[in-house]
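Notes follow the structure.
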Amino acid sequence: MISGGGSNLQAVIDACETGDIHGGIVFVGSDNPDAFGLKRAKRHGIPSFVVDYAKVIRRYKADPASVPLPVDANLGALRDKTRLFPPDADPKRVKAFMATRLFAEARMIEEMAAYSFDLLILAGFMRNLTPYFIDRINIDPELPRIMNIHPALLPAFPGTDGYGDTYRYGSRIGGCTVHFVDYGEDTGAIIGQRAFEITDRDSLEEIKKKGLNLEWELYPACIQMFAEGRLLLEKRSHTLKNGRTFRRTIVRCLPESPS
Ligand code: GRF
């Protein structure tokens with residue numbers, strides 16, 4: 001799934017073609033009809049589809065009734081499940097978000113039904129996903145199969161401008177993260193990370209370039225580990241000195257099997 005230039009998509013296409021990823025891309029989806037990544041897919045003969053989120057959002061603003069909920073969506077349960085909003089979020093804003101995203105996600109699921117796939121890769125896809133979509137893709141809760149790449153060393157700097165936030169904060173190290181997608185924004189279990197040094201001379205553009213070059217290595221490597229069945233989820237809990245228990249699901253990357 002893409003929204004823009006698709007440089008990560010290109011890195012994955014190339015890795016499939018060189019055999020660094022034992023697999024192939026069966027479709028490319030986008031929320032943005034103008035995403036340059038769609039041209040990359042076409043160039044490599046990969047079928048694609050677009051679900052124009054911006055159009056759905058405009059339609060909802062003009063006439064909410066024209067964006068009905070999917071018949072199998074339980075809004076209350078989904079509102080409770082998602083971690084995209086704090087408990088005190090404005091209900092009107094949450095309703096508009098959920099109504100438009102569920103409508104778009106139902107369309108994406110319809111489009112994806114035409115393909116059989118093992119892993120869904122978000123590659124510069126700039127939309128948050130609701131549990132409605134996530135639960136229909138993660139058919140085995142023990143084996144999540146939606147991956148995302150984020151332009152920062154999570155949990156630092158979640159959100160839409162990881163490299164920019166890193167640069168503006170004055171961090172000395174920047175990086176990127178590949179993680180499984182969960183119900184929050186950029187909060188899922190971390191699969192891999194790469195880091196780079198930031199010098200006083202680096203501009204934001206140079207930081208983005210350093211980061212993207214690492215993304216194009218990291219993402220194919222994480223996808224290949226998934227293909228080799230080397231990614232396992234492990235529930236960890238730590239009881240802290242103050243008696244609180246910190247629980248988190250983490251990813252264990254098994255060593256390569258001796259070939
Ligand atoms: C990348 O920095 C990625 O980390 C973020 O979106 C940016 C653009 O990605 N999610 P791409 O060139 O469209 O793959």
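General observations
- Qualifying strands (runs of 3 or more DSSP E) (wholly inside the range 108-207; at least 2 residues being more than 16 Å from the chain's Cα centre (by Cα)): 173-180, 190-197
- For the range 133-158, the candidate set comprises residues that are away from the ligand (no atom under 16 Å from the Cβ) and at pLDDT 95 or above; within that set, the residue that is surrounded by the fewest Cβ atoms within 10 Å (Cβ to Cβ) is 135.
- Some residue of the range 197-219 being polar (S, T, N, Q), buried (at least 18 other Cβ atoms within 10 Å of the Cβ) and within 14 Å of the ligand (Cβ to nearest atom): no
- Residue selected from the range 1-21 under the condition among the hydroxyl-bearing types (Ser, Thr, Tyr) and either under 13 Å from residue 212 (Cβ atoms) or more than 8 Å from the ligand (Cβ to nearest atom) (or both), by the criterion surrounded by the most Cβ atoms within 10 Å (Cβ to Cβ): 7
The values are calculated or read from the model by the stated rules, or taken from the named source; none is laboratory data. Computed from a predicted structure; not experimentally measured. Positions of Cβ are generated from backbone atoms using ideal geometry, with glycine treated the same way; all protein chains shown enter the neighbour counts.
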